Amino acid sequence: MTSGESNSTHLSALEIAEAQFPAQAGRVRQLFQTNETFRSMCEDLAAAVEALAHVERLPDNVRETRRQEYASLVDALVAEIGDALSQSNVVMLRRWGETKPKPQ
């Protein structure tokens, strides 16, 4: 895969994730660029969305089953990305003078 192909794949995955979370698009972009696990979730979402978009090409005998599977996968990935966004906004605070536990 060439560099240009890689960037377009990443861009489409990023755009799909941003479209799912428009109010958090900046945070999506930041995590996509800095967090490999988050980026992988977005790429998985893009692949599932693409598969769902092309389900009509499948044979009649498997089409509806695959549509349900891909739709469930999209829903699960959107929820997982939403959880990751929520967790990324958590800031751990320590009280003044509190130290980290010492390893034993």
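Annotation for LEU58 and ASN89: the two label points, set 7 Å from Cα along the Cα-Cβ direction, are 3.4 nm apart.
Taking all protein chains as they are arranged and a probe of 1.4 Å, the heavy atoms of GLU18 leave approximately 40 Å² accessible to solvent.
In sequence order, segment 69-85 has phi-based couplings of 4, 5, 5, 5, 5, 4, 4, 5, 5, 4, 5, 5, 5, x, 4, 4, 5 Hz under the Karplus curve 6.51 cos²θ - 1.76 cosθ + 1.60, θ = phi - 60°, and Gly or Pro positions carry x.
The values are calculated or read from the model by the stated rules, or taken from the named source; none is laboratory data. Remember, predicted model here, so these are calculated numbers, not experimental data. Here Cβ is always computed from backbone atoms with ideal geometry, including for glycine, and neighbour counts include all displayed protein chains. Heavy atoms of the whole protein, side chains included, go into the accessibility calculation; ligands, DNA and RNA do not. Shrake-Rupley method; radii C 1.70, N 1.55, O 1.52, S 1.80 Å.
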